[in-house]
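Below are the structure tokens for one structure; questions will follow.
Since every read-out is calculated from the coordinates, none of them should be taken as a lab result. Every value quoted in this text rests on a predicted model; they were computed, and no experiment measured them. Backbone-built Cβ (ideal geometry, glycine too); neighbour counts: all protein chains shown.
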Amino acid sequence: MADENGFHIAMFPWFATGHMTPFLHLSNKLAEKGHRISFLLPNKAKHQLEHLNLHPSLITFYTLTVPHVEGLPPGTETASDVPIFLTSLLATAMDNMRDRVRDLLQKLKPSIVFYDMAHWIPELASEIGFKTVNYNVVSAASIAIALVPSRKPVEDRTITGAELMEPPPGYPSSTVLLRRHEAQGLSFIFLEFGKDIAFYDRITIAMKRSHAISIRTCRELEGSLCDYIAREYHKPVFLTGPVLPESEKEDLQEKWANWLKGFEPGTVVFCAFGSQVVLEKQQFQELVLGFELTGLPFLIALKPPFGTTSVEEALPEGFEGRIRGRGIVYGGWVQQPAILSHPSVGCFVNHCGFGSMWESLMSDCQIVLVPHLADQILNTRLLAEELKVAVEVERDNKSTWFSRESLCRAIKSAMDRDSEVGGLIRENHAKWKEVLASPTFMGGCIEKFIQDLQEL
Ligand SMILES: O=c1ccn([C@@H]2O[C@H](COP(=O)(O)OP(=O)(O)O[C@H]3OC[C@@H](O)[C@H](O)[C@H]3O)[C@@H](O)[C@H]2O)c(=O)[nH]1
Ligand SMILES: [O-]c1cc(O)cc2[o+]c(-c3ccc(O)cc3)c(O[C@@H]3O[C@H](CO)[C@@H](O)[C@H](O)[C@H]3O)cc12
């Protein structure tokens, strides 16, 4: 499959930043070893990702026009352009691109195609002649608990919240679990995601029909969960490891570098919730008031809440005046990895999207978690309950949000020097970082992954 120039791999990730970015990080690692990559992505996304392409001579972007689907705002190309309840229509748009993708792959003739949500890629494989790797950029836990054949509901019966709370038979973890009031959040997997196909069917078909399943994780963190997935699907599960850029971090923009350097090392609390989360105005206000209560310096980068056009407009009365000089609430995109490695930043409050999870583990920051979607809740359990490297913000009983006091408590318990919890997570996090950031760890994962591909 690989000629003397290595593999020619086509990448076709789901149109979401949290998916395209890790596919590109993996492309960089493969290109570093001489493999050639054709990366298929929506027009607009090319401009957002271009600066992350570290090997332009080996990684070529092929842009695609995302067709309009009724119900989607005109110009929608990625999941960041729409609220979460409209992403199903974006999946329809992606499925409508099948012929265009087929023509392009026919022309490019890759030896392997990596994909995730496009469950129809394997149908093109035999026609065109390539191998398929279903690459998952969510945790093995999220797949194992929800998206395995043993989870299939009995025909014509709705699955209840209580049933969703029970993991599928043989699920190997007793800590990475959903609580009763969270399990209902998983019911979306049985709803339509794209025309006439449920999310569960889309992902399980994508996995069943691939030559190999692959996950952005490592045995050290999720070994037993990966073995469980391999047993469920009767096929190999190849692991890529965390796949993060190592040394080539961009310089932090001057405005942030200048502001951060005004604070003592390890004192600033940074908060970001990824590319998809949009809060209700009330949730947003409770969150910023929680930061105010801590008395610590903070930098919050969040999208404006629903119904507003800017974060400034959504701030509580008098807030800006009270926090001037020690806090910033910014409504745009910031360079998260560069901020996390700034010496003044000591704590990272995040939603535990899988990308942010890896970035937080690789940082020296104390980790405080506020998950939103079900996969983020499972990632949170992995860090807070299993590895004990993070604090999860407590929610009011059965409530979907938290009070300013509980957020403040969580941040203080992570940051106060004399806090027992703070000491424990600092110590455990340092041990995990030593493993994951050791000079040979990520490189070793990729070497093994390439060997696995060669045996496909
Ligand atoms: O301001 C920002 C916010 C985020 N980011 C980057 O954007 C990426 C966000 O990825 P995450 O996986 O954490 O979160 P997203 O919510 O965007 O991802 C999505 O796909 C992965 C799933 O686990 C998440 O549940 C899903 O929401 C990170 O690499 C982060 O560094 C920025 O660079 N700047
Ligand atoms: O919320 C989720 C809970 C869970 O147990 C599993 C998943 O899996 C995936 C997934 C995505 C891609 C794959 O190849 C496999 C699994 C999830 O993906 C997210 O789904 C959102 C749709 O509601 C989508 O908007 C987002 O971009 C995806 O990252 C979520 C869960």
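Please compute the alpha carbon radius of gyration of the chain, then divide it by the globular-protein estimate 2.2 N^0.38 Å. Two decimals is fine.
Details: Rg = 21.7 Å, N = 456, 2.2 N^0.38 = 22.5 Å.
Relative to the 2.2 N^0.38 Å estimate, the chain comes out at 0.96.
Let me ask something additional. Based on DSSP H runs of at least 4 residues, each adding -39500 (n - 2.57), what is the mean residue ellipticity at 222 nm of the chain after dividing by all its residues, to the nearest 500 deg cm²/dmol? Working shown, then result.
Numbers: 20 runs with 187 residues, N = 456.
The per-residue figure over the chain is -11500 deg cm²/dmol.
I'd like to know which of Gly307, Leu436, Val278 lies farthest towards the positive end of the charge dipole of the range 254-437, counting +1 on Cβ of Lys and Arg and -1 on Cβ of Asp and Glu.
Leu436
Which aspartates and glutamates, on any chain, are close to Lys388 with Cα under 12 Å apart, when same-chain ones fewer than 8 places away are left out?
Glu427
Out of Ala118, Val389, Leu90, whose Cα points farthest toward the positive end of the dipole of the chain (charges: +1 Lys, Arg; -1 Asp, Glu; placed on Cβ)?
Of Ala118, Val389, Leu90, it is Ala118.
If you take the C-alpha gyration tensor of the range 254-437, multiply each eigenvalue by 5 and take the square root, what semi-axes do you get, largest first, in whole Å?
Values: eigenvalues 109, 73, 49 Å².
Square roots of five times the eigenvalues give 23, 19, 16 Å.
Let me ask something else. Take the residue pairs Lys131/Lys195; Lys29/Lys281; Lys261/Lys433; Lys131/Lys433; Lys109/Lys433 and return only those whose Cα atoms are more than 31 Å apart.
Values: Lys131/Lys195 26 Å; Lys29/Lys281 40 Å; Lys261/Lys433 24 Å; Lys131/Lys433 35 Å; Lys109/Lys433 40 Å.
In this structure, Lys29/Lys281; Lys131/Lys433; Lys109/Lys433 exceed 31 Å between Cα atoms.
P(r) for the range 243-283, please, calculated from all Cα pair distances in 10 Å bins and given in %.
Spelled out bin by bin, the range 243-283 gives 18, 34, 39, 9 percent.
Still on this structure, I have one more. Once the dipole of the range 254-437 is set up with Lys and Arg at +1 and Asp and Glu at -1 on Cβ about the Cα centre, which of Leu296, Trp401, Ser413 lies farthest towards its positive end?
Leu296
Which loop-located trypsin sites (Lys or Arg not before Pro) does the range 347-454 contain, where loop means any DSSP state but H, G, I, E or B and the Cβ has at most 10 other Cβ atoms within 10 Å? Let's see the in-between values first.
On the way: sites: Arg381, Lys388, Arg395, Lys398, Arg404, Arg409, Lys412, Arg417, Arg426, Lys431, Lys433, Lys448; in loops: Lys388, Arg395, Lys398, Arg417.
Passing both the DSSP loop test and the Cβ count: Lys398, Arg417.
Dividing the alpha-carbon Rg of the range 12-166 by 2.2 N^0.38 Å yields what?
Numbers: Rg = 17.1 Å, N = 155, 2.2 N^0.38 = 15.0 Å.
The value comes to 1.14.
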